[in-house]
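The values are calculated or read from the model by the stated rules, or taken from the named source; none is laboratory data. For clarity, every value in this text was computed on a predicted model and none was experimentally measured. Cβ placement follows ideal geometry from the backbone for every residue including glycine, while neighbour counts extend to all protein chains displayed. In case anyone asks, the SASA skips ligands and DNA or RNA and just uses the protein heavy atoms, side chains included. Shrake-Rupley method; radii C 1.70, N 1.55, O 1.52, S 1.80 Å.
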Amino acid sequence: MSENIKFTVNGNELEAKSGELLIEACENSGIHIPRFCWHKRLEPVGMCRMCLVEVETPRGKALVPSCTTEITEDLVVETESEVVTKAQEGILEFLLINHPLDCPVCDKAGECPLQDQTMAYGPGESRFVEEKRHFEKPISISEIILLDRERCILCARCTRFSDEISGDPLIEFIQRGNKTEVNTFPDEPFRSYFSGNTVQICPVGALTSTSYRFKARPWDLKKVSSTCNCCSVGCSIELNTSQNKMLRILGEDNEFTNQGWLSDKGRYNFDYLHSENRVLNILNKSEDSFNEISISEAMTKIKNKIDELDNPNVKFLLGSSSTNEEYFVINEIGNYLNKDKFLSRDSSNIYFGDDLLFEGYFGDQYSQAKLEDLDNSETIVVWAEDIKDNLPILYLRIKKAVKNGSKLIVFGHTNTSIAGLADFYFGADIVSNKFELIRNPNEIEDLKNNIEGKKVTVIAGKSTVFQKKESLDKLINFLNEKSELQVFNAFSKGNTFGALQNIDEVKGLNEFCNEFDTNAKNIVFTIGVNPVNSSFFGQKIKEKLIASDFVISLDLFVNETTELADLILPTTSLGEKEGTVTNMEMRVMKQNKILPAPGSTLSEWEYLSSILNVLGEDVNYKNENEINNYLSEKYINQEKLPTFDNLNKPSNLFGVINKKDININIKDLEEDNFSLLMVRRLYGDSSTQINSPSISMLGAHKFIELNSTTAKKYGINSKVGNLIQGPNSILINIDINEYLPDDLVIAPINRRGFENIDPCLDFDITEAKNREELNVN
Amino acid sequence: MSWDSKLIDRAKEIIELYPQKRSALGPLLYLAQEKEGYIDDDSVVEISKLIGITEVQVRSVASFYTMYKQEPSGKYLLSVCKSISCEINNSKEVIDNIKEFTGLANNETDIESTFTFEEVECIGACGGAPAVQINYETVEGVTPTKALELCKYLKEEVPEVIVADELQDKFGGTKSFDWAIEDNSGTSSTAPGFQIIGTSEEK
Ligand code: SF4
Ligand code: FES
Ligand code: FES
């Protein structure tokens, strides 16, 4: 299929791959054919007819849609003939018959394909004098998406996206002919993790998002490419701002990572930047309240405290939203305060705030996977936390690979949402409720047959903090031995891999709790992390922080963790800082700055190097670029280092894959007697999300999942109940999920109300009868 | 109303006939229509669960085809052909008379739920134009006067079962060549009759 063939367009001979679509082949040769429905990441449908061109056939010239016509040898095409022009004018006149032409109040105006192509190819005037079709002006089809059916030109991009790409077809064409409209089923809103993509690809202003509606005109926007930090896929994004406000985030089409798509979390989690709750000045705790102090006062305070405490233990708790440059400086200060200055300790004092981080599969014996490997894999094996919730774009890539013929094998019990996609789902008879393998991998026929001697990509991670590494080892080593294996370490949080690459030795929260010596003098830095709210160790960490002599938080908000601090140093966030991040493929990509740092916020590295300075250490980083140069030098492949220069050329998109030695020192948790499986959901109660009004409600839904046998044991028939543990009682929705084994109950860890639930203690579920009365949302 | 176990069993039998579950969508919609007289939201939910596609996808198909009713029909669904052969043979007047008798415009149902009137495209009875269907039972060669009599008969006698041949004898005229299979059992509902689905059992 891939040999090149010749064809002629407008008298010029061109070459393209046989089987390629005419519209795409022309595009590749620089000939633009107007279109509405065709989108290179979707299957062609030929709905809009805007792409009509003339081709020569044995019976003379004919108009054909170029988006559904494959090129053939010696095809002769006219894209600008009189007939084509007439057809284009006709099609546009038809499309505009029912279009309201309310461009002056439409968000899309200025970047609207319908507007632009009407200008370029339209007839210039309409002969339609009759009444246009009317629909109720925008209806909300979900909490975050609005639909104006009058504007819709029925191109089916949105419906195809939700069916083909995201796999949750909750919008469809309803009715026929002149009455056709896009809509949802009543009471079944367009609740998709990927719904924002339909807004981006809608060629008119029919689909809009609540967050951007009436906010700006496209020509007023300032734009810069960057990299999303919501999960470790590192999607390419474009930040759009106006008057120093982030207004919108769009997906960029990066062939290697997101291919244009974003999760709604990545797309809409930005309002927090301008939240009135954001900390903009340094806060110092005196008595029980915070007062504002200046940076020099803060630095003096830190220095005095360190002197006064006389050789304290200094520990760092890290989140995943720092840049590589920031992690690099954190590593420096960590080493300085730990090894050089005070304790001359060999082991690290830096702890990463992800319960599911463990040693993983690095080093020479494992070949590190790239996202494109999924497309070439004969089999994909998943055993990790919920991929759809935690690595949403990885889920899309898996789905795409499966559609193109890869086999999918999923191990229980956290990925039930992709079980329907899987060729084999290994539930209760293979994975125990404690996440041990009940059978040896080589005894599992369906596994063996589909991996032996084949190209396999495995997505491997702990499903729960209680899972033992050994259980995963069994599977990974088996796969590594028997197949051509590529491994993804499914550490899902933001820039985890940047932290791993730039910090000499990373430990976990359990190590933090164990190594914390209450009898010693302790200083703890928390940097962009809120373990008190989001970690299994939250309660313990809270106790340790309270017991510490001095806690310094570098963060954006006062939250469950930072409220325990003595000093809060307000930091910058996405779009307010420049730097690099590393994704799960070890692809280093650039984050760019487009907003000024608000208030008196500074970047993490600026605070940390100032602290080094007041302590007498002679560091003097001028800017991110300089730090980037230092850290780049340490990458293994010296041929192409991830310097700012290299990453900006030829475009921001592709990044540079490069490696460093990784040293994770995290041991399994000893206890494994958990009664409740607590998992992370895409939406939750992170400080950034609850301070982003356009998506904050998405993390409010409280629910548990169990199978019907388990439900029967608890005597539950209704869909609403109470989860009760000691004095805590949470009103919840009860979702029956038959993929789950008996006696396993899943609850979200990152939802309000669940922070006081201990997965190791007994709990009860009782039925609550009347849904309406209880008003559960 | 959600489906009872008998209906679900019937649905499962139908699904069995197809290599892919979703292919059973068409017949299942008829099953729903046989039950409620139209495709109600509850049936859409049932069907979507049975064949594993989303509700809106079911609704999309159900609302595309005009023979899937989106609102309850009257006891008698009067479908009058307005396509070319019938038009030439004066279907206009047939339509006018029926409209006048029932007081209904296209796609309307009367308040007593006796009649639903619709104008339809060719129903394959061109040889006997103009043609009319009552609950999909075809009567051919219906003159404007006979059409009125037919309506009156339905209104006054209120027959439970509509049998094409009977009505043809009483109200029909010229018939086209009859190549259909012998089926005189008639129909008692406004769903198109298919024995395999169970919408046209022996009455
Ligand atoms: S809403 Fe937009 S994307 Fe969807 S069919 Fe209409 S025009 Fe196309
Ligand atoms: S782009 Fe070809 S028909 Fe729409
Ligand atoms: S035109 Fe009326 S039946 Fe064919």
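Of A:Lys179/B:Lys69; A:Lys403/A:Lys455; A:Lys521/A:Lys542; A:Lys399/A:Lys649, which ones are farther than 19 Å apart at the Cα? Please list the in-between numbers first.
On the way: A:Lys179/B:Lys69 15 Å; A:Lys403/A:Lys455 17 Å; A:Lys521/A:Lys542 17 Å; A:Lys399/A:Lys649 31 Å.
With Cα atoms farther than 19 Å apart: A:Lys399/A:Lys649.
Work from the charge dipole of region A:44-145 (Cβ charges, +1 for Lys and Arg, -1 for Asp and Glu, about the Cα centre) and give the residue of A:Ser81, A:Ile141, A:Ser66 farthest towards its positive end. Among A:Ser81, A:Ile141, A:Ser66, the one farthest towards the positive end of the dipole of region A:44-145 is A:Ile141. Any chance you could tell me what percent of the C-alpha pair distances in region A:161-232 go past 18 Å? That fraction is 55 percent.
Looking at region A:278-323, which GluC sites (Glu not before Pro) are in a loop (DSSP not H, G, I, E or B) and have at most 11 other Cβ atoms within 10 Å?
Of the GluC sites (Glu not before Pro), the ones in loops of region A:278-323 whose Cβ has at most 11 other Cβ atoms within 10 Å are A:Glu287.
Between A and B, buried accessible area from a 1.4 angstrom probe totals roughly 1100 Å², ignoring ligands, DNA and RNA.
Let's test the formula: R0 of 35 Å, r as the Cβ-Cβ distance of A:Leu63 and A:Lys474. What FRET efficiency results, to the nearest 0.05?
Details: r = 61 Å, r/R0 = 1.75.
E(calc), rounded to 0.05, equals 0.05.
For chain B, the solvent-accessible area works out to 51 Å² per residue, with a probe of 1.4 Å and every protein chain left in place.
Normalised by residue count, region B:76-195 yields a Cα convex hull volume of 95 Å³ per residue. Run a plain Debye calculation on the protein assembly as shown (Cα atoms as equal point scatterers, no solvent) and give log10 I(q)/I(0) at q = 0.05, 0.08, 0.10 Å⁻¹, rounded to two decimals, same order as the q list. The Cα Debye sum returns log10 ratios of -0.39, -0.91, -1.28.
One chain, two ends: B:Glu121 and B:Lys155. Fully extended at 0.36 nm per residue, the span grows by 9.7 nm beyond their Cα-Cα distance.
If you take the Cα atoms of region A:4-80, find Rg, then find the Kirkwood Rh from the mean of 1/r over all pairs, what is Rg/Rh? When Rh is taken as the Kirkwood radius, the ratio is 0.93. Based on C-alpha pairs under 8 angstrom that are at least 6 apart in sequence, chain A has a relative contact order of 12 percent. For region B:5-64, the relative contact order is 28 percent, taking Cα pairs closer than 8 Å that sit 6 or more residues apart in sequence and dividing their mean separation by the residue count. The alpha carbon radius of gyration of region A:677-776, expressed as a multiple of 2.2 N^0.38 Å, is 1.08. Both radii were evaluated on the Cα set of region B:5-64; the Rg over Rh quotient, with Rh as the Kirkwood radius, amounts to 0.92. Put the Cα centre of region B:1-73 next to the Cα centre of region A:452-526 and the gap is 48 Å. In chain A, the calculated helix contribution to ellipticity at 222 nm averages -6500 deg cm²/dmol per residue, counting -39,500 (n - 2.57) for every DSSP H run with n ≥ 4. Taking amide hydrogens as placed 1.01 Å from N in the peptide plane, the amide H of A:Phe352 sits under 5 Å from those of A:Leu318, A:Lys507, A:Gly508, A:Leu509, each at least 5 positions away in sequence or on another chain. FRET efficiency for the pair A:Asn514 and A:Asp446, taken as 1/(1 + (r/R0)^6) with r the Cβ-Cβ distance and R0 = 56 Å, rounds to 0.90. A cut-off of 5 Å between modelled amide H atoms, ignoring neighbours fewer than 5 places along the same chain, links A:Ile657 with A:Val588. Remark on A:Lys454: its backbone amide H falls under 5 Å from those of A:Glu484, a criterion applied only to residues 5 or more positions apart or on other chains, H modelled at 1.01 Å from N. Computed from the C-beta positions of A:Glu164 and A:Glu297 and an R0 of 45 Å, the FRET efficiency is 0.20 to the nearest 0.05. Of the listed pairs A:Lys434/A:Lys667; A:Lys474/A:Lys713; A:Lys544/A:Lys667, which have alpha-carbon separations greater than 24 Å here? Violating the 24 Å Cα-Cα cut-off are A:Lys474/A:Lys713.
Close Lys pairs in region B:76-195 (alpha-carbon distance under 16 Å; sequence gap of 8 or more, or different chains): 11.
Simple point charges give the picture: +1 on the Cβ of Lys and Arg, -1 on the Cβ of Asp and Glu, and for region A:601-718 a dipole about the Cα centre of about 740 debye. Across region A:677-776, C-alpha contacts under 8 Å between residues 6 or more apart give a mean separation that, scaled by the residue count, equals a relative contact order of 38 percent. Quick one: if you stick a label point 7 Å off each Cα along the C-beta vector at A:Asp307 and B:Ile84, how many nm between them? About 10.2 nm separates the two model spin labels. For region A:370-457, the fraction of 1.4 Å probe accessible surface lying on carbon and sulfur atoms is 39 percent. Please list, by residue number, everything in region B:67-104 whose backbone N is under 13 Å from a paramagnetic label point 7 Å out along Cα→Cβ of A:Lys179. Residues B:67-72 qualify, since their backbone N sits under 13 Å from the label point. For the pair A:Glu276 and A:Asp764, label points projected 7 Å from Cα toward Cβ lie 4.3 nm apart.
Accessible surface area normalised per residue over region A:4-80 is 48 Å², counting heavy atoms of protein chains with a 1.4 Å rolling probe. Region A:613-684 and region B:121-194 have Cα centres separated by 78 Å. Between A:Asp220 and A:Tyr121, the modelled labels are 3.1 nm apart [label points 7 Å from Cα along Cα→Cβ]. Straight-line cross-link partners of A:Lys86 among the lysines, defined as a Cα under 26 Å from its Cα and at least 8 positions apart when in the same chain: A:Lys40, A:Lys61, A:Lys132. Computed about its Cα centre, the charge dipole of region B:97-143 is approximately 120 debye, with only Lys, Arg, Asp and Glu carrying charge at their Cβ.
Per-residue shielding of A:182-188, expressed as the average number of other chain Cβ atoms within 10 Å of the residue Cβ, stands at 5.
Please work out the Cα center distance from region A:171-224 to region A:1-50, rounded to the nearest Å. About 27 Å separates the Cα centre of region A:171-224 from the one of region A:1-50.
Only lysines eight or more places from A:Lys712 in sequence, or on another chain, were considered; those with a Cα closer than 16 Å are A:Lys769. Relative intensity of chain B on a log10 scale, I(q)/I(0) at q = 0.10 Å⁻¹, equals -0.44, per a Debye sum over C-alpha point scatterers of equal strength in the absence of solvent.
Mean partner shielding of peptide A:163-173, defined as the number of other chain Cβ atoms within 10 Å of each residue Cβ, is 3. For peptide B:50-59, the mean count of partner chain Cβ atoms within 10 Å of a residue's Cβ comes to 6. Relative to the Cα centre, the charge distribution of the protein assembly as shown, modelled as +1 at Lys and Arg Cβ and -1 at Asp and Glu Cβ, gives a dipole magnitude of about 1360 debye.
Measuring nothing but protein heavy atoms, the accessible surface of region B:76-195 at 1.4 Å probe radius is 50 percent carbon and sulfur.
Specify whether the C-alpha gyration tensor of region A:322-422 places it in the rounded, prolate or oblate class, a ≥ b ≥ c being the square roots of the eigenvalues: rounded for a/c under 1.5, otherwise prolate if a/b is larger than b/c and oblate if not. All intermediate terms of the calculation are to be shown ahead of the outcome.
Details: a/c = 2.93, a/b = 2.59, b/c = 1.13.
Because a/c hits 1.5 or more and a/b exceeds b/c, region A:322-422 counts as prolate.
Pull up the cross-link candidates among the lysines for A:Lys108, meaning alpha carbon to alpha carbon under 18 Å and not fewer than 8 places away within one chain. Excluding near neighbours in sequence, the set is A:Lys137, A:Lys215, A:Lys222, A:Lys223.
Once the piece of chain linking A:Asn4 and A:Lys719 is laid out straight, how much longer is it, given 0.36 nm per residue of separation minus the C-alpha distance between them?
Length gained, A:Asn4 through A:Lys719: 251.5 nm.
Under the rule a/c < 1.5 gives rounded, and otherwise a/b versus b/c splits prolate from oblate, where does region A:682-735 land using the Cα gyration tensor? It is prolate, given that a/c is not under 1.5 and a/b is the larger ratio.
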